[in-house]
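Notes to accompany the following structure.
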Amino acid sequence: MKFERQQTFQRNAELEALLQRLNQLLAPVEELTIEPFGYPIYPVIFIVGCARAGSTLLLQWLANSGVFAYPSNLLSRFFGAPFVGALIQQLLTDPTYNFNNEILDFCSDINFSSKLGKTKGALAPNEFWYFWRRFLGNGDMQHLKPLRLSPADQKKFVAEFAALEQVFNKPFVLKGHIINWNISYISQLFKKALFLYITREPVYNAQSLLEARVKFYGDRNAWYSFKPREYEQLQSLPPVEQVAGQVYFTNHAIETELAGIQASRWLNIRYEELCSSPSKIFLQIKEKLTQQTDMLSHSEYSGPTHFHTTNQKRLKSHEVQAIYDAYKNFSETLAENL
């Protein structure tokens, strides 16, 4: 059965057509312009994790710090030519290029609100999925085969980040859920990279996924976000057990990938700890980055002291118990098969 998006999340067909036309026109210019670029100087920071684990808050928080560059809603519209888009963004929004206040209408505030990962404001963080799908395709089952880009696409992919870094002169951070099953491969492409693995208490993560199904599709039975390798075996289960499996198997796949790369290249961030002590998390990120660059060595934390956690049980008690039981069962079954 095919589920349709709720009206709030339906695409704007006119906008999609215009963006395709614009990016088709700009793509040849982008390709020529990024040709001289090699590797980024700073580590590229990829946020990985299961959907609804807190990645949007993490990205908003890092963007708000002023220390990192990130894909904005404005920049995301130039998915086929992000270097050109970044220059246009600087021209329109950076006070450095202001002349007689001719263009100062863009909202530059970054707040900590969102709706299923979507933010409001030209400079608010964006998920940047259209950029990712230029290289990785449009499927929601990224695990079906190992990701391998052609040599030309590898160079182009890495060069895009080097070009963005040059515009903003900061490390670039973005969501990377689409590479959850290919972290080790992506790590090999970059001389410097840091993977921030965001996790959340499983029952609350699963609850949020269940709620996202209803918000996005209007139906609990509709799958939301990327599908793990075990999707086929989860498909026949009740929705509350499906989301428990989605959390468990997605996280297990990520942890397997992270085990294959250097410890200096990844950091596990618990959503609950990010909310209770963001300054502590900032120091942990800083420590990891200073193992690859001295760029952040003098940066001091000046952001929020805490965030309000959304970890409240909103499901019926028997559904919460079903999530607990299913998660435990998946864990024990996998352990028996190892």
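Residue-by-condition table, conditions (1) farther than 25 Å from SER297 by Cα; (2) out of contact with any Ser or Thr (no Cβ under 8 Å at 6 or more places or on another chain); (3) not in a helix (DSSP H, G or I):
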site: LYS2; (1), (2), (3): yes, yes, yes
site: ARG11; (1), (2), (3): yes, yes, yes
site: GLN20; (1), (2), (3): yes, yes, no
site: ALA27; (1), (2), (3): yes, yes, no
site: PRO40; (1), (2), (3): no, yes, yes
site: ILE47; (1), (2), (3): no, no, yes
site: CYS50; (1), (2), (3): yes, no, yes
site: THR56; (1), (2), (3): yes, no, no
site: LEU91; (1), (2), (3): yes, yes, no
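Looking at region 58-85, which of its residues are in contact with a strand residue (DSSP E or B) (Cβ under 8 Å, 6 or more places away or on another chain), small (Gly, Ala, Ser) and in a helix (DSSP H, G or I)? Scanning region 58-85 gives a single hit, ALA63. Please verify whether PRO151 is surrounded by fewer than 13 Cβ atoms within 10 Å (Cβ to Cβ), within 18 Å of LYS227 (Cα to Cα) and at pLDDT below 95, treating the condition exactly as stated. Criteria not met by PRO151. With respect to the conditions (1) under 21 Å from the mean Cα position of the chain (by Cα); (2) closer than 27 Å to GLN292 by Cβ, PHE9 falls short on a single one, namely (2). Quick check on SER236: is it of a type outside the set (Phe, Trp, Tyr), modelled with pLDDT of 95 or more and over 20 Å from the mean Cα position of the chain (by Cα)? No: the conditions fail for SER236.
Here is the figure for region 185-199: residues that are buried (at least 20 other Cβ atoms within 10 Å of the Cβ) and out of contact with any strand residue (DSSP E or B) (no Cβ under 6 Å at 6 or more places or on another chain) total 1.
Residues that are of a type in the set (S, T, N, Q), assigned to a helix (DSSP H, G or I) and exposed (fewer than 14 other Cβ atoms within 10 Å of the Cβ) occur in region 308-318; there is at least one. Of everything in region 289-300 that is within 15 Å of SER65 (Cβ to Cβ) and surrounded by 14 or more Cβ atoms within 10 Å (Cβ to Cβ), the residue that is nearest to the chain's Cα centre (by Cα) is LEU289.
Applying the condition of being assigned to a helix (DSSP H, G or I) and aliphatic (A, V, I, L, M) to region 282-307 and asking which residue is nearest to GLY245 (Cα to Cα) yields ILE285. Scanning region 282-324 for residues that are of a type in the set (Asp, Glu) and either touching a residue at least 24 places away in the same chain (Cβ under 8 Å) or within 21 Å of THR56 (Cα to Cα) (or both) returns a single hit, GLU319. Are any of the residues in region 110-129 touching a strand residue (DSSP E or B) at 6+ places or on another chain (Cβ under 7 Å), crowded, with 16+ Cβ neighbours inside 10 Å, acidic (Asp, Glu) and touching a residue at least 24 places away in the same chain (Cβ under 8 Å)? Yes: one or more hits. Residues in region 205-219 that are closer than 17 Å to THR8 by Cα and either in contact with a helix residue (DSSP H, G or I) (Cβ under 7 Å, 6 or more places away or on another chain) or surrounded by 17 or more Cβ atoms within 10 Å (Cβ to Cβ) (or both): GLU211, ALA212, ARG213, PHE216, TYR217, ASP219. Being over 29 Å from PHE190 (Cα atoms) and loosely packed, with under 11 Cβ neighbours inside 10 Å is the filter here; which residues of region 10-40 pass it? GLN10, ARG11, ASN12, ALA13, GLU14, LEU15, ALA17, ARG21 - these are the residues of region 10-40 that are over 29 Å from PHE190 (Cα atoms) and loosely packed, with under 11 Cβ neighbours inside 10 Å.
The values are calculated or read from the model by the stated rules, or taken from the named source; none is laboratory data. Given the structure is predicted, the values throughout are model-derived calculations rather than measurements. For neighbour counting, all protein chains shown are included, and Cβ atoms are generated from backbone atoms with ideal geometry for every residue, glycine included.
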